[in-house]
Amino acid sequence: IHPRPPEPEKQIKFGDRLYIRILKAEDKFELWFSSDNKPYELYKSYIICTYSGGLGPKKKQGDYKSPEGFYSTTKGLLNPNSNYHLSFNIGYPNAFDRANGYTGDFLMVHGGCASAGCYAMTDPIITEIYGLVEQAFAGGQKVVPIHIFPFAMTQNKMSQYQDSEYIDFWQTLK
């Protein structure tokens, strides 16, 4: 029997495109990348240090809920001088949120491991993520999509939460 050599560690290169997916119930922050217009592949999964408010969408300023939905960040939303080490705004509220009268602002991914509606990471993890997002912008990407789901949108999970007050919203996300 010949052992297989270890797979080479994935590397994000200058000019690669990024995509972020967050799965709240799994405390999972995923960073995906695409090289040369190929399909996105998972680069790395990180554990979210904390987020607030449990499952379900953010609806109003001060409800301490972390958003769910389709968002994005841009170079102008990066904050290297954050009170929480480093941060970037996720772009809440989006058009859907505004159309439904949802309010709130300054919803971030940041360091510091504390949340009042944000997705908080440890400082070393946000340093890595922030650097890769910054690199993507320097390499020409204009927008980094951030898709936030309550959980992996499998049929099993959807069935598990079928009695939730948020099931209609989650079906539209799926």
³J(HN,Hα) computed for each position of region 71-87 - Karplus, 6.51 cos²θ - 1.76 cosθ + 1.60, integer Hz, glycine/proline x: 10, 7, 10, 10, 4, x, 9, 6, 10, x, 10, 5, 5, 10, 6, 9, 7
Rg in Å to one decimal, and Dmax rounded to a whole Å, for region 63-109 via C-alpha atoms: 11.2, 33
Debye, to nearest 20: dipole size of the chain, +1 on Lys, Arg Cβ, -1 on Asp, Glu Cβ: 260
The chain - Rg and Dmax from Cα coordinates, angstrom: 16.8, 63
Gained length - A152 relative to T127, 0.36 nm times residue gap less alpha-carbon distance: 6.4 nm
Relative packing of peptides 43-49, 64-70 - highest average C-beta neighbours within 10 Å first: 64-70, 43-49
Set K38/K65; K28/K75; K75/K157; K10/K60; K75/K174; K13/K58 screened for pairs whose C-alpha atoms are more than 32 Å apart: K38/K65; K75/K157; K10/K60; K13/K58
Mean ellipticity per residue at 222 nm, deg cm²/dmol - from DSSP H runs of n ≥ 4 across the chain, formula -39500 (n - 2.57): -5500 deg cm²/dmol
Accessible area (Å², per residue) of the chain, counting only protein heavy atoms and a probe of 1.4 Å: 54
Reach of K24 by Cα under 15 Å, taken over aspartates and glutamates that are not fewer than 8 positions away in the same chain: E68
Among I20, I125, I90, residue whose mean-square fluctuation peaks in a GNM of the chain (springs only between Cα atoms under 10 Å): I125
Percent carbon-and-sulfur accessible area, region 101-174, ignoring ligands, DNA and RNA, probe 1.4 Å: 52
The chain: relative contact order in percent, alpha carbon pairs under 8 Å with at least 6 residues between: 26
Disulfide-incompatible cysteines by the Cβ rule (no partner under 4.7 Å) in the chain: C118
Whole-angstrom gap from region 135-167 to region 1-80, using each part's C-alpha centre: 9
Top positive-direction residue, dipole computed over the chain with Cβ charges, set F151, L31, N100: N100
Radius of gyration and maximum dimension Dmax of region 71-174, Cα, Å: 15.5, 45
Average projected area [Cα convex hull, region 91-135], square nanometres: 3.6
Cβ-Cβ FRET estimate between D36 and T74, R0 fixed at 30 Å, reported to 0.05: 0.85
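The values are calculated or read from the model by the stated rules, or taken from the named source; none is laboratory data. A quick note: this is a predicted structure, and the numbers were derived from the prediction, not measured. Using ideal geometry, Cβ is built from the backbone for each residue, glycine included, and neighbour counts are taken over all protein chains shown. Side chains are part of the model used for accessible areas, which takes the heavy atoms of the whole protein and leaves out ligands, DNA and RNA. Shrake-Rupley method; radii C 1.70, N 1.55, O 1.52, S 1.80 Å.
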